[in-house]
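Structure, as structure tokens:
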Amino acid sequence: MDSTRNTTRELVHGLAALILALFLLGISSGLGLVKNIVDLWGALLFIPEYPAVIMRDVFLEWRSWSRDKNSLNAEVIKLREENSRLRIDLAKLIGEKIYSEDIKPDRKTARVALRTPMSWWNEIRIDKGEIDSISQGLPIFYNGYLLGRVSSVSTMSSWAELITSPSFMIPAVIEETRELGVIVGDGGGSVLLRYIPAGRGVKTGMRVSTAMIGEQLPPGLPIGKIAGEISSGSDGYATYKIEPGVDMSKFYTVNY
Amino acid sequence: MLLIILWLIQDFLTVLNGGEMHIPGLFMLGLVYNLSFNDSSDVNLRAIWSAFAGGILWDLRWIGIPGFFTLGNVCAVLIFIKIWEAVPPQGHTGFLFFILMEISQIVPPLLPILILAGSTAWNFFLLQQVYSLPAILVTMYLFFKKIQQNLTQGR
């Protein structure tokens, strides 16, 4: 008799836990509150996780050193500086305004702390926040290419919107033709360049970077290359697929 | 207390490897190990809610949406309790224990993959199962050691 009662109790508790879990699953994906709780929990775990972060950083640094990466990094920085100078010179030649201080070769690094499967192509959380001088709208990079921009900031972490997000819309320019368009993500891992007048000789492989028109992002930040034309509408404008400079499936850190 | 430590170790190891490989579900292994030497209903109830709490905290840290590991953990514990109690003590063999531990490693990450992910995640999932094997073998060693100890003490 006792055994039956115990089994029933276990069954009731088990079902209650299952129903509660399903309920949480059902309601929480759309709640902004969950994001705050996730941030808070991440901040609380910062203390026990801190030694792991340090150990990992030390290991990565050692590995980098052992592979003689430092000399390569120095070379990359040198090339970036040279690239920045050339970009400024080019901008002067064609009369475009460009801010040299915006193209910084020495960027800081942040770790990707969370990339939720539900918004895989839309946003990431990074482990740097206000105390690390992160501010809303700040562009983030990987390997020198634009990856997205900071959308919200808390004390020790921030959320950043990725270029593959449908709500990430920025003006961009095709560097070879100087045609202006709008970069937008499709939410499925692709990046598109829209509103380029059709028949202007845009070719695969042409470079795309941010344009200077009324946005928080400075001009001249490299985004990627033209991968091909998707459609040419009856309105006279074409849409191109962009191959981002960042491998969107292979970044564990970002620069800012 | 042991479960909290195991949860923190699992989290610590996940941070340490930076998401490059999946870490075995140490928390669930500890939970299942504890249950295997228990015949009290209260312990079973505590295990169900511990699995729930461990799952929700894991979801909040690594998935961003509470419910996935919560559901998986609770399912795995319920499966363990039902099968372990349905089989008489003579049948509590190493093989059965191994199977149930495997279930505790397979079920929790299965739900997020079934619902959210594509083929790449399946590779990660299979790799996690491979990485779990050493941890499962260590737990089995502890299981046999405890059985031996109980036999020596005449329990």
When every residue in the range A:116-150 that is under 10 Å from the mean Cα position of the chain (by Cα) and within 14 Å of another protein chain (Cβ to nearest Cβ) is compared, the one nearest to B:Ile115 (Cα to Cα) is A:Trp121
Pairs returned, first residue in the range B:108-128 that is within 12 Å of another protein chain (Cβ to nearest Cβ) and closer than 18 Å to B:Cys75 by Cα, second residue that is outside any helix (DSSP H, G or I) and modelled with pLDDT of 70 or more, beta-carbon separation under 9 angstrom, 6 or more apart or interchain, are B:Pro108/B:Gly25; B:Pro109/B:His22; B:Pro109/B:Gly25; B:Leu111/B:Gly67; B:Pro112/B:Ile65
Within the range A:142-183, the residues that are surrounded by fewer than 20 Cβ atoms within 10 Å (Cβ to Cβ), within 20 Å of A:Val112 (Cβ to Cβ) and touching a residue at least 40 places away in the same chain (Cβ under 8 Å) are A:Asn143, A:Gly144, A:Tyr145, A:Ser154, A:Thr155, A:Met156, A:Ser167
The residue that is nearest to the other protein chains (Cβ to nearest Cβ), considering only those in the range A:55-84 that are among the hydrophobic types (A, V, I, L, M, F, W, C) and surrounded by 11 or more Cβ atoms within 10 Å (Cβ to Cβ), is A:Met55
Of (1) more than 14 Å from chain A (Cβ to nearest Cβ); (2) touching a residue at least 60 places away in the same chain (Cβ under 8 Å), B:Val87 fails just (2)
Within the range A:202-233, residues of a type in the set (S, T, N, Q) and either crowded, with 17+ Cβ neighbours inside 10 Å or at pLDDT below 80 (or both) come out as A:Ser209, A:Thr210, A:Gln216, A:Ser232
Among the residues of the range A:21-34, the number that are surrounded by fewer than 17 Cβ atoms within 10 Å (Cβ to Cβ) and either within 9 Å of chain B (Cβ to nearest Cβ) or aliphatic (A, V, I, L, M) (or both) is 7
Residue hits (the range A:35-54; within 14 Å of B:Ile63 (Cα to Cα) and within 7 Å of chain B (Cβ to nearest Cβ)) are A:Ile37, A:Val38, A:Trp41, A:Gly42
If we keep only residues of the range B:31-40 that are in contact (Cβ under 8 Å) with a residue 40 or more places away in the chain and of a type outside the set (Ser, Thr, Tyr), then the residue most open to solvent (accessible area, probe 1.4 Å) is B:Phe37
Wholly inside the range A:150-199, strands (runs of 3 or more DSSP E) that include 3 or more residues that are over 19 Å from A:Trp121 (Cα atoms) are A:169-174, A:191-197
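The values are calculated or read from the model by the stated rules, or taken from the named source; none is laboratory data. These numbers were taken from a predicted model, which means no experiment stands behind them. Positions of Cβ are generated from backbone atoms using ideal geometry, with glycine treated the same way; all protein chains shown enter the neighbour counts. Quick note on the areas: whole protein, heavy atoms, side chains included, nothing else; ligands and nucleic acids left out. Shrake-Rupley method; radii C 1.70, N 1.55, O 1.52, S 1.80 Å.
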